[in-house]
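Visitor: Just passing along the structure, written as structure tokens.
Only the coordinates and a few stated rules stand behind these numbers; no lab work does. Keep in mind that this is a model prediction, so the values were computed, not measured. All Cβ positions, glycine included, derive from the backbone under ideal geometry; neighbour counts span all protein chains shown.
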Amino acid sequence: MTTMSLPLRRLLDALPAGRQGDARRRAARHEAVLADRLHRLYGHLPGHAAWLESLMTDVGRLMAARPAALQAVDAAREDDPAWFCAPTMLGYSAYVDRFGGNLRGVKARIPHLRDLGVTYLHLLPFLRPRAGENDGGFAVASFDDVDPRLGTVADLEDLTASLREAGISLCSDLILNHVADDHPWAQGAAAGNTHLRGFFHVLDREEADAYEATLGQVFPQAAPGNFTHVDAMGGWVWTTFYPFQWDLNYANPAVFAAVAAALLRLANRGIDVFRLDSTAFLWKRLGTDCMNQPEAHWLLQALRAIVDIAAPGVLLKAEAIVPTRELPAYVGGADAPECHLAYHSTLMTAGWAALAEEDASLVRAVAAATPALPAGASWLTYVRCHDDIGWKHLLAEAGAIERLAAVAHFYNDGASYAAGTGFQGGLATNGTAAALCGYAADASDAALRRLLLVHGLALCFGGLPVLYMGDELAMANDDSYRNDPARAHDSRWIQRAPFDIVRYAERTDPTTPAGRAYAALRRLICLRRELPELAAGVACTMLPSDDPALLVLARGDGFRALLNFSGRPLALDLGAYGGTGTLALAPWDQVWLHRGRPLA
């Protein structure tokens, strides 16, 4: 008989007898990685063995509380671990209040999501945020309460059940790096609780300056520096993002245990996917930029092991907006998997750069630097999101900051058809997809082709494509944020307009800009669903082209996408791509070939 570890015994003791078999089987696969990573992180600390037993007891209790419907989801997804890699998968990202007003309003929009083909819904932060300024909800005051403006926990559980019935998985943000300064952990620390004080980094000015010497700044204009003096804490609290967001100290094992428990409680309410926010920042090391440290990956690998044991139907998604070479680490490997999904942020950025330069070389360079992912992992591809486009992440491929500055100028400074706006010093851009393509201001055929071109790249590159709310309706920029003192400093609000119900009503009218965009994008989505070559695990290759503006993307043996990133028409010999005859590709147009045949 195999000897059972004491931590595993604690896990099983917390479960009913009928659940112990599955738990034992899952633990046999994942316990070794979990124990190893936690030992690397915390094994040197006194009481590590007892802490690990306590952690596994808590995991077992949360596993025991998992509802039967979610246990069934776990079992089905264990049988089909690549369920999220199918070409039928399509994501959609939205703020609750902007999309439906509240959680009940989001439920009412499920028919729209189904009509579009959505199977994955990322609702941006809906947990109770900080009172007052809260970074768009990313300053979380409670992991267990819903923002009362948006509904209740009961509303959340009702929504997850309705989405599950509709075949849609719900993704929630889990902000790993920090909590709001009015979160109970922060409030307790400020009130003198020594246990909770250990949840945060509190330094004197000399120590803070030593770290600051090698740190970057996320918001150099709106929130310069990385530390905030807090009188009640008697020192400088580490605040990477905003002064009201206190970084968590993951060198303290109690922090890891508390965050893991918060994740499992939310998973038990029906959340299928967690966007792990700011993963690159989790571990601090003097003399570095405190990003992408090895310990950050050990933390994520340990968290993944816990999820695989307790709730294997749940996915983890890394929000690591880093250069291409640093992206693969966030999915890990076969021996120690990390996140199931990772944003391919450099592909998104390169697509926009290609449109500005009328040259696809940066997309080709990013693709060349993109490795194949291990089985059971996928990129998340996208065109726009709630955040800015940060051009500096393409520096390795671009070779010169001046080149990226020219791209930023194209989008930010009224020098082209694009109606973007700068962010944090100018080397970043905000705006809706339709505004950046020029379609919001000029609903011409050429502008529509540009809008479809960048979406076509995201749909066929390989991964789980996610649409940002309103892009299917070609929504325009919303400049009203400038009149709100609480938001005027943050130009990201320009692409966070309320869902346009007028455009929504026009989506079936082909005489309107919204109707033309909706029909054309939905056509691409429907084509994708029928092409097995566009499953996430199929190899993606960039084929050579005589014209720098032409991107030729191959998926497997049967699929080719020809994308013209220039304002020039191109005459193509389809014989080079497995077809016959010639094809005139209009400016900014694309054609998908399946087994040599253009798809209608």
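Visitor: Suppose we keep just the alpha-carbon trace of the stretch 119-173; what are its Rg and Dmax in angstrom?
Guide: Answer for the stretch 119-173, Rg first and Dmax second: 11.8, 36 Å.
Visitor: Also: Considering the values (1) 42, 28, 19; (2) 37, 33, 25; (3) 39, 28, 24, which represents semi-axes √(5λ) of the Cα gyration tensor in Å as calculated for the structure under consideration?
Guide: Computing semi-axes √(5λ) of the Cα gyration tensor in Å and matching it to (1) 42, 28, 19; (2) 37, 33, 25; (3) 39, 28, 24 gives (3).
Visitor: Looking at the chain, send over the antiparallel percent of its DSSP beta bridges, to the nearest 5.
Guide: Here the antiparallel bridges make up roughly 60 percent for the chain.
Visitor: Something else about it: Could you tell me how far the Cα centroid of the stretch 335-352 sits from the Cα centroid of the stretch 14-34, in Å?
Guide: 30 Å
Visitor: Label points 7 Å out from Cα along the Cβ direction at residue 543 and residue 286: separation in nm?
Guide: Placing both labels 7 Å along Cα→Cβ, they lie 5.7 nm apart.
Visitor: Now for a separate question. Which residues in the stretch 219-240 place their backbone N less than 17 Å from a point set 7 Å from the Cα of residue 206 along the Cα-to-Cβ direction?
Guide: The answer is 235-236.
Visitor: Give me the orientation-averaged projected area of the Cα convex hull of the stretch 540-598, in nm², one decimal.
Guide: Computed as one quarter of the Cα hull surface, the answer is 3.4 nm².
Visitor: Put a dot 7 Å past each Cα toward the Cβ at residue 599 and residue 369; how far apart are the dots in nm?
Guide: 2.9 nm
Visitor: Moving on. Can you give me the long-range amide H partners of residue 93? Hydrogens built in the peptide plane at 1.01 Å from N, cutoff under 5 Å, separation of 5 or more residues or another chain.
Guide: 122, 467, 468, 469
Visitor: Per-residue HN-Hα couplings for the stretch 234-244, Karplus 6.51 cos²θ - 1.76 cosθ + 1.60 at θ = phi - 60°, whole Hz, x for Gly and Pro?
Guide: x, x, 9, 8, 6, 9, 4, 9, 10, x, 8
Visitor: For the residues 195, 48, what sequence is obtained by ranking on other C-beta atoms within 10 Å, fewest first?
Guide: 195, 48
Visitor: With 10 angstrom as the radius, rank 597, 507, 61 by how many other C-beta atoms surround their C-beta, starting from the fewest.
Guide: By the 10 Å Cβ count, ascending: 597, 61, 507.
Visitor: Shifting gears a bit: Taking R0 as 60 Å, what's the FRET efficiency between residue 479 and residue 50 from their Cβ-Cβ distance, rounded to 0.05? Spell out each step's value before the answer.
Guide: On the way: r = 57 Å, r/R0 = 0.95.
E between residue 479 and residue 50, to the nearest 0.05, is 0.60.
Visitor: Still on this structure, I have one more. Pull out the extension gain between residue 583 and residue 217, defined as 0.36 nm times the separation in residues minus the alpha carbon to alpha carbon distance; nm, one decimal.
Guide: Value of the extension gain: 126.9 nm.
Visitor: For each of 250, 481, count neighbouring Cβ atoms within 10 Å of the residue's Cβ, then give the residues from fewest to most.
Guide: The fewest-first ordering by Cβ neighbours comes to 481, 250.
Visitor: Averaging sequence separations of C-alpha pairs under 8 Å and six or more residues apart, then dividing by the length of the chain, give the relative contact order as a whole percent.
Guide: It comes to 12 percent, rounded to a whole number.
Visitor: Note the full-extension length gain between residue 166 and residue 415 as 0.36 nm times their separation in residues minus their Cα-Cα distance, in nm to one decimal. Each step should come with its number before you reach the end.
Guide: Numbers: separation 249, 0.36 × 249 = 89.64 nm, distance 4.46 nm.
In short, 85.2 nm is gained.
Visitor: Can you give the extra length, in nm with one decimal, that the chain gains between residue 36 and residue 251 once fully stretched, where that is 0.36 nm per residue apart less the Cα-Cα distance?
Guide: 75.8 nm
Visitor: To continue, here is another question. May I ask you to derive the FRET efficiency for residue 508 and residue 229 from their Cβ-Cβ distance with R0 = 51 Å, giving the value to the nearest 0.05?
Guide: Working: r = 56 Å, r/R0 = 1.10.
Computed FRET efficiency for residue 508 and residue 229: 0.35.
Visitor: Continuing with the same structure: Once you sort the root eigenvalues of the Cα gyration tensor of the stretch 216-350 as a ≥ b ≥ c, which label holds: rounded (a/c under 1.5), prolate (a/b larger than b/c) or oblate (the other case)?
Guide: In terms of gyration-tensor shape, oblate.
Visitor: Amide H to amide H under 5 Å from residue 169: which residues, 5+ apart in sequence or cross-chain, H placed 1.01 Å off N in plane?
Guide: The list, which skips near neighbours in sequence, is 120, 121.
Visitor: Something else now. For an R0 of 30 angstrom, estimate the FRET efficiency from the Cβ-Cβ distance between residue 501 and residue 396 and round to the nearest 0.05.
Guide: E between residue 501 and residue 396, to the nearest 0.05, is 0.10.
Visitor: Quick one: Karplus J couplings for the stretch 224-232, per residue in order, coefficients 6.51, -1.76, 1.60, θ = phi - 60°, nearest Hz, x for Gly and Pro?
Guide: Each residue's phi maps through the Karplus curve to give x, x, 10, 9, 10, 6, 10, 4, 5 Hz.
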